[in-house]
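Every read-out reported here was derived from the displayed coordinates using simple, explicitly stated rules and does not represent laboratory data. Just so it is clear, the structure is predicted and the values come from calculations on it, not from any experiment. So basically every Cβ, Gly included, is an ideal-geometry build from the backbone, and we count neighbours across all protein chains shown.
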Amino acid sequence: MRKLLLLLLALCGAGLAAAAAATAEPRYTVVKIDLRKERLELFLRDDTGVEFKRLDRLEAWLAARNRRLVFAMNAGMYHADFSPVGLLVQEGREVAPLNLAAGAGNFFIKPNGVFLVSAAGPRVVESSEYPALSKGVRLATQSGPLLLRRGVVHPAFIPDSDSRKIRNGVGVSGHTAIFVISEQPVNFYEFALYFRDVLHCRDALYLDGTVSALHSLALRRSDFTRELGPILGVAVP
């Protein structure tokens, strides 16, 4: 089996974090995927139309097809029936449309955003920018809020907010997608600063909280918190 070129880091935040963050920088697990070398996929349902819902079920389904799941993470917010709240594109096919509506909940905190992969590489963009970029997109998932946009922290985030959860998100740097899950509860502001000041991302998207889960073959880890909707993953023969 070819070696998966994932850089996995279990990081305790260093002094690079801005002083406005929590006084004790939380720990994060970071997975960096170079999309010039690895193929990222989006999973939602099996061949019969049944949602995977769990990372171990996806792993078993792939194993039956002689593929090994080496990385996976929940990929965005979903309804009670596990369908995506917003845009979902799998292998160039739009499974769920872009959602620009107003509403309650984290997804609808504007600006929200889209993580996409095209031949040009990975990007995180503001949701209303997506239609102009949609041609040639192979994979896309919409979530919210944006953590960073062009290096600027989302204006709605409160530095000393007591809304702390286990959270996960994705940022980009060149051709690399950077996935992060917190190992301790963090607020939005702290999470955004970690992407900006430690990982040096200019654009990053919140994927979800509380349900956040990671599968990593290299770390011998496969989380189960709650049943999931869309799942981002890397699988190899």
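So which GluC sites (Glu not before Pro) in region 81-133 end up in coil per DSSP with only 12 or fewer other C-beta atoms within 10 Å?
Details: sites: Glu91, Glu94, Glu126, Glu129; in loops: Glu91.
The qualifying sites are Glu91.
Let me spell out the model: positive unit charges on the Cβ of Lys and Arg, negative unit charges on the Cβ of Asp and Glu, origin at the Cα centre of region 115-186. What dipole size does that give, in debye rounded to 20?
On the way: 8 positive and 5 negative charges, 50 e Å.
In total the dipole reaches around 240 debye.
Taking the Cα centre as origin and putting +1 on Lys and Arg beta-carbons and -1 on Asp and Glu beta-carbons, what dipole magnitude results for region 33-79, to the nearest 20 debye?
Details: 10 positive and 8 negative charges, 24 e Å.
Value, rounded to 20: 120 debye.
I want the local charge near Thr225. Using Cβ-Cβ distances under 15 Å, sum +1 for each Lys or Arg and -1 for each Asp or Glu among the other residues. It would help to have the intermediate numbers written out before the result.
Values: positive: Lys53, Arg54, Arg57, Lys165, Arg167, Arg221, Arg226; negative: Asp56, Glu183, Asp208, Asp223, Glu227.
Result for the local shell: +2.
Sorted by average packing, counted as other Cβ atoms within 10 angstrom per residue and highest first, what order do 33-39, 111-117 take?
Values: 33-39: 16.1, 111-117: 24.7.
Ranking the peptides 33-39, 111-117 by packing returns 111-117, 33-39.
Using the Karplus equation 6.51 cos²θ - 1.76 cosθ + 1.60 (θ = phi - 60°), what ³J(HN,Hα) coupling, rounded to whole Hz, does each residue of region 107-116 give in order, writing x for Gly and Pro?
3, 8, 6, 8, x, 9, x, 10, 9, 9
For Leu87, what residues show an amide H to amide H distance below 5 Å, using hydrogens built from the backbone and excluding near sequence neighbours?
Under 5 Å from the amide H of Leu87: Asn99, Gln142.
Select from Pro159, Pro84, Pro122 the residue whose mean-square fluctuation is largest in a Gaussian network model of the chain (Cα-Cα springs shorter than 10 Å).
Judging by the Gaussian network model, the answer is Pro159.
Give me the net charge of His215's neighbourhood, meaning all other residues with Cβ under 12 Å from the Cβ of His215; Lys, Arg count +1, Asp, Glu -1. Write down the numbers at each step before the final one.
On the way: positive: Arg54, Arg57, Arg68, Arg220, Arg221; negative: Asp56, Glu59, Asp223.
Once positives and negatives cancel, what remains is +2.
Under a point-charge model restricted to the Cβ atoms of Lys and Arg (+1) and Asp and Glu (-1), what is the dipole moment magnitude of the chain relative to its Cα centre, in debye to the nearest 20? Let's see the in-between values first.
Numbers: 29 positive and 23 negative charges, 144 e Å.
The dipole magnitude comes to about 700 debye.
At Leu133 and Asp81, where each label point lies 7 Å from the Cα along Cα→Cβ, what is the point-to-point distance in nanometres?
If labels sit at Leu133 and Asp81, their model points lie 3.0 nm apart.
Once you have a ≥ b ≥ c as the square roots of the Cα gyration tensor eigenvalues for region 40-158, tell me rounded if a/c is under 1.5, and otherwise prolate or oblate according to whether a/b is larger than b/c. Mind dumping the intermediate values first?
Values: a/c = 1.90, a/b = 1.60, b/c = 1.19.
Cα axes put region 40-158 in the prolate bin.
Taking +1 at the Cβ of each Lys and Arg and -1 at the Cβ of each Asp and Glu, which of Tyr194, Asn66, Phe108 sits farthest along the dipole of the chain towards its positive end, judged by Cα position relative to the Cα centre?
Asn66
Under 1.5 on a/c is rounded, so check that first for region 119-237, then, if it is not, pick prolate when a/b is larger than b/c and oblate when it is not; a ≥ b ≥ c are the square roots of the alpha carbon gyration tensor eigenvalues.
Values: a/c = 1.62, a/b = 1.04, b/c = 1.56.
Oblate, since a/c reaches 1.5 and b/c is not below a/b.
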